[in-house]
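What follows draws every value from the coordinates through simple rules; no lab data is involved. Fair warning: this is a prediction, and the values are worked out from it, not measured in the lab. Backbone-built Cβ (ideal geometry, glycine too); neighbour counts: all protein chains shown.
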Amino acid sequence: MELSEIVEKIEEKSEDYSIPNRVRNTLKKLLNDLQNEKQDEAVRVTLAVYELDEIVNDINIPMHAKTALWDIISDLEAIKGD
């Protein structure tokens, strides 16, 4: 999977109103960070994984949102491993 595909997935989830507003705002911030060409791709991906992991560990996030975030984290980890 390419970073551009993951960016599309994050974009889609950032507009999903079944996901809490705080999570959507973080996803929108991640979109900007991941598209910042000034930083190395590995650094951008690693920072995104850390931010998403922090959100997933919040007990107040609904399970369907956590599942969507875990999916994105998995995709980002796959890129990081390449």
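Please state which one of 3, 69 is touching a Leu at 6+ places or on another chain (Cβ under 8 Å), touching a residue at least 60 places away in the same chain (Cβ under 8 Å) and surrounded by 12 or more Cβ atoms within 10 Å (Cβ to Cβ).
On the way: 69 fails: touching a residue at least 60 places away in the same chain (Cβ under 8 Å).
Being touching a Leu at 6+ places or on another chain (Cβ under 8 Å), touching a residue at least 60 places away in the same chain (Cβ under 8 Å) and surrounded by 12 or more Cβ atoms within 10 Å (Cβ to Cβ) holds for just one of 3, 69, which is 3.
Within region 16-37, is there a residue that is closer than 21 Å to residue 1 by Cβ, in contact (Cβ under 8 Å) with a residue 60 or more places away in the chain and assigned to a helix (DSSP H, G or I)? No, region 16-37 contains no residue that is closer than 21 Å to residue 1 by Cβ, in contact (Cβ under 8 Å) with a residue 60 or more places away in the chain and assigned to a helix (DSSP H, G or I).
Taken over region 38-51, the criterion of being among the hydroxyl-bearing types (Ser, Thr, Tyr) and either under 14 Å from residue 6 (Cβ atoms) or in contact with a strand residue (DSSP E or B) (Cβ under 6 Å, 6 or more places away or on another chain) (or both) is satisfied by 46 alone.
Could we say that residue 66 is charged (D, E, K, R), within 16 Å of residue 1 (Cα to Cα), assigned to a helix (DSSP H, G or I) and over 10 Å from the mean Cα position of the chain (by Cα) here? It is false that residue 66 is charged (D, E, K, R), within 16 Å of residue 1 (Cα to Cα), assigned to a helix (DSSP H, G or I) and over 10 Å from the mean Cα position of the chain (by Cα).
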